[in-house]
Amino acid sequence: MDSMYPAPMPSGMPMPTAPPSTMYPLPQPGMPIMSQGGWSPPSTTCPPGLEYLMGLSHLFVQQKVELLEAFIGFETKNRYSVANIRGEPVYYVAEKSGFCGRLCCGTSRSCEFLVVDNNRREVLRMVRPLRCNSCCCPCCLQELEVYSGDILLGSITQDWTLWRHTFSVRNAAGDTVLIIKGPWLRCCVNVTFKIKSADDKHRVGDIKKEWSGISKEVFTTADNFGISFPLDLDVKIKAVLLGACLLFDFMYFESKNSNRADTFL
């Protein structure tokens with residue numbers, strides 16, 4: 001496990017602290033339960049290790065290059081680093097999956113993602129079961145659940161559609177709080193997934209796959225992503241959006257054939 005994560009931060013370095021709670025006032029009587037942008041107000045509770053997300057509106061996810069996968073073409077366990085807008089590391093993500101699953105199921109394999117902070121403390125666990133990715137099987141579409149310890153924070157589920165890929169971001173109760181819409185066609189440079197309010201009236205953020213450079217794009221499946229969301233979004237839903245980014249990477253960008261124009265059809 002030690003080689004999976006970087007060395008912990010020096011003990012003398014101060015850890016990021018959560019912003020004052022006054023930034024997130026509780027709703028007053030008579031106020032609507034939805035903000036003007038169409039998303040739910042932030043929760044008054046914050047799972048351990050996610051306090052830092054309360055003050056962020058952007059995350060940047062970079063997949064680590066796996067040279068063995070590049071040379072032999074066999075799926076290896078994915079690893080990612082998560083940074084803030086200043087490029088400072090926030091979390092590290094490591095995949096847990098079986099050899100047989102990677103060999104037989106490829107990018108559709110069931111797996112877990114362990115998310116740790118700079119002190120190697122586990123803050124999130126994301127579970128992705130084995131699912132297909134086809135409109136012909138509406139009962140077995142993609143999904144990913146996000147946990148803090150054994151407590152479910154929310155999930156991202158693929159909706160059944162014939163054309164444009166759409167996903168529901170759900171809270172722990174299973175209620176849809178946001179939706180994510182993929183592009184009609186995939187271009188070869190940047191791909192944007194639009195994060196919208198549950199009523200589809202407001203665009204509140206994006207998950208964007210960014211150009212990684214010619215060597216990475218051609219010879220590896222390592223990808224860069226940017227995630228933007230409202231500053232006052234519930235921190236648990238921010239964690240689910242991070243999980244959505246990892247799910248999209250597996251669904252659309254891990255395969256060597258993922259640059260086909262019909263990927264999103």
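None of the figures in this text is laboratory data; all of them are computed from the coordinates on show. Please read all numbers here as calculations on a predicted model, not as lab measurements. Cβ placement follows ideal geometry from the backbone for every residue including glycine, while neighbour counts extend to all protein chains displayed.
Okay, here's what the table says:
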read-out	value
Label-point gap, in nm, between Ile85 and Asp159 - each point 7 angstrom along Cα→Cβ	2.9
Across Lys64/Lys194; Lys208/Lys238; Lys201/Lys236; Lys196/Lys236; Lys77/Lys181, pairs whose alpha-carbon gap is larger than 19 Å	Lys64/Lys194; Lys201/Lys236; Lys77/Lys181
Environment charge of Leu53, counting only residues whose C-beta is closer than 14 Å and scoring Lys/Arg +1, Asp/Glu -1	-3
